[in-house]
Amino acid sequence: MDLKYLHIEYAAPANLSDTITVDYQLRQHSFVPKWINCVLRAQQQYPIDDPARFYGFGTWEEQVASSLQAINQCADAVEKGLQISIDRRLTDINDQDTLNYLHHIFEVHHGLLDQQIDNSELNQHLCNLNILVHRCESVQRGAKPRHVVTYFGLPKEQQLADEDYKYFETKTQFGTVYLNYVEIGKTLEDLAHDNDQYINDNAFRPFKNYSADFVVRLWDDDNIDHQWRTQQYYIRQQEFFNQQGYSWQDLSKSLGSLPLADIVNKKNLLDRLQTRQWVKSVKFS
């Protein structure tokens, strides 16, 4: 399979014929064909579950208001569906403790990758709760623009090989497509950033499983401070990670993200996406 480009067609949500196609040049490393095969298989059975999953567009105030409303409505739906009491709602976008609490509700009741409940509607609400927790975290951390493509229901059975970890990069580049984290849980970097007091020990999940899911990040960052904080967190919690069977050498290989493709022409892309925040199609050539 000699493919060189990823083509994403973006449309206006209110007018799906108003489109632009953005080209991304595929990275020439050995993991990319594995990911392409995942996408092609996914497209045979699963639609993109939320084509409008864009972050970082609009004013910060608008994003705060819409995120708070959405996550609290979702918590209401989960509470009703599970018939449990969720005694906290998010009133301040910077309240990381409440976000950790709500993420823990998702972890416990949705289950890990091999422990999910058999209730598709409730699972969808729980998945949305997880997504909205991360949306709120994105807003509080500066609302950097990106979009995520996921396929709800798609099995996350593929696992990274040892050789795949050598392609991880810690810096973020504008217009680069990265493999999305699909585990139900948190990585070392998540734990270091969130200071999560609720997460169960078995919900610490290093980046191992993968699927067709991906994210396109639309900013630049060397992430040096982030990586330093992550290492300091590991040092403080080293006993826990060692008990889980992980050394710094094990965990450091998956710091950052695995890049898949790079934008060909980024000129005015953010402006062009302002009114076209809907992924209409994903293709390769």
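General remarks:
- Couplings for the range 269-282, taken from phi via the Karplus curve 6.51 cos²θ - 1.76 cosθ + 1.60 with θ = phi - 60°, read 5, 4, 5, 5, 8, 3, 10, 10, 9, 8, 7, 7, 7, 10 Hz in order; Gly and Pro are left as x.
- Per-residue 3J(HN,Hα) values for the range 164-181, derived from phi via the Karplus relation 6.51 cos²θ - 1.76 cosθ + 1.60 with θ = phi - 60°, read 6, 5, 5, 8, 5, 10, 8, 7, 10, 10, 4, x, 8, 8, 10, 5, 8, 6 Hz in sequence order (x marks Gly and Pro).
- Set the Cα radius of gyration of the range 1-44 against 2.2 N^0.38 Å, with N its number of residues, and you get 1.42.
- Here the range 58-144 is treated as a sphere whose radius is the Kirkwood value from Cα pairs; by Stokes-Einstein at 20 °C and 1.002 mPa s it diffuses with a coefficient of 163 µm²/s.
- Test item: Cα-centred dipole of the range 58-144, Lys/Arg +1 and Asp/Glu -1 on Cβ, debye: 160 debye
- Secondary structure note: in the chain, about 95% of the DSSP beta bridges are antiparallel.
- The amide H of residue 281, built 1.01 Å from its N in the peptide plane, has 9 as neighbours under 5 Å, considering only residues 5 or more places off or on other chains.
- Shown for the chain is the translational diffusion coefficient from the Stokes-Einstein equation, using the Kirkwood radius over Cα pairs, a temperature of 4 °C and a viscosity of 1.567 mPa s: 65 µm²/s.
- Amide H within-cut-off set for residue 49, under 5 Å, with H built and near neighbours excluded: 150, 151, 152
- The range 1-155: radius of gyration and largest Cα-Cα distance (Dmax), Å: 17.8, 53
- With semi-axes defined as the square roots of five times the eigenvalues of the C-alpha gyration tensor, the equivalent ellipsoid of the range 201-285 measures 34, 17, 11 Å, largest first.
- ³J(HN,Hα) computed for each position of the range 134-142 - Karplus, 6.51 cos²θ - 1.76 cosθ + 1.60, integer Hz, glycine/proline x: 6, 5, 5, 4, 4, 5, 5, 9, x
- Amide H to amide H, with H built 1.01 Å from N, residue 260 comes under 5 Å of 177, 178, 179, counting only residues 5 or more places away or on other chains.
No lab work stands behind these numbers, since they all come straight from the coordinates. Since the structure is predicted, the reported quantities are computational estimates derived from the model, not experimental observations. All Cβ positions, even for glycine, are placed from backbone atoms using ideal geometry, and neighbour counts span all protein chains on display.
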